[in-house]
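Have a look at the structure below, then the notes.
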Amino acid sequence: MPIADNSRELLETFDNQFPGRDYIIEIVCPEFTSVCPKTGQPDFGTLTFTYTPDRKCVELKSLKMYLQSFRNQGIFYENVTNTILDDLVAVLAPRWLQLVASFTPRGGIGTSVTVVHGERGSAPRA
């Protein structure tokens, strides 16, 4: 089942009230679910977003709805992690963003995928 083309549109933002300051926002989502495209088994993971906003911050309810759009999607860990990062970068244009996706072990094997956009501690934009 392909990912809905419009899932990125679920993400909403609000203006960063401190755009001249480098600060870190961390969001932990411990109930992420998707489906293994090979076995059809559910995948469960904890997503940890850490980012330095520029002009926009992500609105949390919209992030929850966006993440729920993956619930029934057959997608590999690496693909879903990179897709989520790409969508957030497109919507937020953050100075820096890291996503760590830690999936519950299955068959005795646990997997974490880490993706990063930008450089941590980058200077504010004019």
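Since every read-out is calculated from the coordinates, none of them should be taken as a lab result. Because the structure is predicted, anything quoted here is derived from the model rather than measured. Ideal geometry is used to build each Cβ from the backbone, glycine not excepted, and the neighbour counts take in all protein chains shown.
The lysines within cross-link reach of Lys38, meaning a Cα-to-Cα straight distance under 30 Å and a gap of 8 or more places when in the same chain, are Lys64.
A Cβ-based charge dipole, computed about the Cα centre of region 26-76 with Lys and Arg at +1 and Asp and Glu at -1, lands at about 160 debye. For the chain, the relative contact order comes to 30 percent (Cα pairs under 8 Å, sequence separation of at least 6). The helix-based estimate of mean residue ellipticity at 222 nm for the chain, built from -39,500 (n - 2.57) per DSSP H run of four or more residues and divided by its residue count, is -6000 deg cm²/dmol to the nearest 500. Summing +1 for each Lys or Arg and -1 for each Asp or Glu among the other residues whose beta-carbon sits under 14 angstrom from that of Asp43 gives +1.
Could you give the dipole magnitude of region 55-126 about its Cα centre, charging the beta-carbon of Lys and Arg +1 and that of Asp and Glu -1, in debye to the nearest 20? Write out the running numbers ahead of the final one.
Values: 9 positive and 5 negative charges, 56 e Å.
Around 260 debye, computed over region 55-126.
Here each label is just a point 7 Å from Cα along the line to Cβ, and for Thr50 and Ile27 those points are 1.7 nm apart. Amide H contacts for Phe32 (H built 1.01 Å from N in the peptide plane; partners 5 or more residues away or on another chain; cut-off under 5 Å): Gly45, Leu47.
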